[in-house]
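Report on the following structure.
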Amino acid sequence: MATIRTRKFMSNRLLGRKQFVLDVLHPGKANVSKTELREKLTKMYDVKDLNCVFVFGMRTQFGGGKSSGFGLIYDNVEVAKKFEPKYRLVRNGLAEVVSKSRKQIKERKNRTKSLRGVKKNSGKK
C-alpha cells in the first residue's frame, strides 16, 4: 500500500489546472507505477476523466521507500491538449507518435541549413 501526499498545491486558473508536488511513501515496495498514481489521484480529487491527470518527474529517494514528482490535474481534456507538451500527451495516450523517417529528418535539416543567412524571400529553393 502506497501513501500519497501532495504539497505546494496551487490552483492555476490561467492554464486551467491544479498543480502540486507529489510525495509517495512506499516502504518495502518497488516504485509505484504512474498509472496507479493517476488512478489514486482521480479518486482523491474527484476528477471525472483519468486523461486530465498527468504525473511526471518521479524520482526515488536513495534507499527507496519514498518517491517524489509533479502532478497536474486539468479542468478538461481540451485544455490539457492545448498546454501539455506532445511527449506527455503521447505517454498518457492522448496523442499518437508521428514517426518520420531518418531521411526526411536529414533532408529537412539540410534545407534549413541552406536558408541560413539568406534573406527569407530570396532564399527559397
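The values are calculated or read from the model by the stated rules, or taken from the named source; none is laboratory data. Everything numeric in this text was worked out from a predicted model, so none of it was measured. Here the Cβ is made from the backbone with ideal geometry for all residues, glycine too, and neighbour counts use every protein chain on show.
Among the residues of the range 67-81, count how many are under 11 Å from the mean Cα position of the chain (by Cα) and without any contact (Cβ under 8 Å) to a residue 24 or more places away in the chain.
Selection size over the range 67-81: 1.
On the given criteria, is Val77 over 18 Å from Met1 (Cβ atoms), touching a helix residue (DSSP H, G or I) at 6+ places or on another chain (Cβ under 8 Å) and surrounded by 13 or more Cβ atoms within 10 Å (Cβ to Cβ)?
On the way: over 18 Å from Met1 (Cβ atoms): yes; touching a helix residue (DSSP H, G or I) at 6+ places or on another chain (Cβ under 8 Å): yes; surrounded by 13 or more Cβ atoms within 10 Å (Cβ to Cβ): yes.
It is true that Val77 is over 18 Å from Met1 (Cβ atoms), touching a helix residue (DSSP H, G or I) at 6+ places or on another chain (Cβ under 8 Å) and surrounded by 13 or more Cβ atoms within 10 Å (Cβ to Cβ).
Within the range 1-53, how many residues are part of a strand (DSSP E or B) and farther than 24 Å from Ala95 by Cβ? Spell out the reasoning first.
Our first condition is that a residue be part of a strand (DSSP E or B); within the range 1-53, this holds for 3-12, 17-25, 53.
Next, only the ones that are farther than 24 Å from Ala95 by Cβ stay: 3-11, 21, 23-25.
Residues in the range 1-53 being part of a strand (DSSP E or B) and farther than 24 Å from Ala95 by Cβ: 13 in total.
So Arg59 ticks every box in (1) assigned to a strand (DSSP E or B); (2) more than 14 Å from the chain's Cα centre (by Cα); (3) in contact (Cβ under 8 Å) with a residue 24 or more places away in the chain but one. Which box is left unticked?
Checking Arg59 against (1) assigned to a strand (DSSP E or B); (2) more than 14 Å from the chain's Cα centre (by Cα); (3) in contact (Cβ under 8 Å) with a residue 24 or more places away in the chain, the one that fails is (3).
Got at least one residue in the range 14-29 being hydrophobic (A, V, I, L, M, F, W, C), in contact with an Asp or Glu (Cβ under 7 Å, 6 or more places away or on another chain), surrounded by 10 or more Cβ atoms within 10 Å (Cβ to Cβ) and modelled with pLDDT of 90 or more?
Looking through the range 14-29, none of the residues is hydrophobic (A, V, I, L, M, F, W, C), in contact with an Asp or Glu (Cβ under 7 Å, 6 or more places away or on another chain), surrounded by 10 or more Cβ atoms within 10 Å (Cβ to Cβ) and modelled with pLDDT of 90 or more.
Could you grab me the full set of residues in the range 52-65 that are surrounded by 16 or more Cβ atoms within 10 Å (Cβ to Cβ) and either closer than 21 Å to Met10 by Cβ or in contact with a Pro (Cβ under 9 Å, 6 or more places away or on another chain) (or both)?
Cys52, Val53, Phe54, Val55, Phe56, Met58, listed by residue number.
May I ask you to verify whether Arg91 is of a type outside the set (Ser, Thr, Tyr) and over 19 Å from the mean Cα position of the chain (by Cα)?
no
Need the failing condition index for Glu36 against (1) surrounded by fewer than 12 Cβ atoms within 10 Å (Cβ to Cβ); (2) modelled with pLDDT under 95, just the number.
Here Glu36 clears every test but (1).
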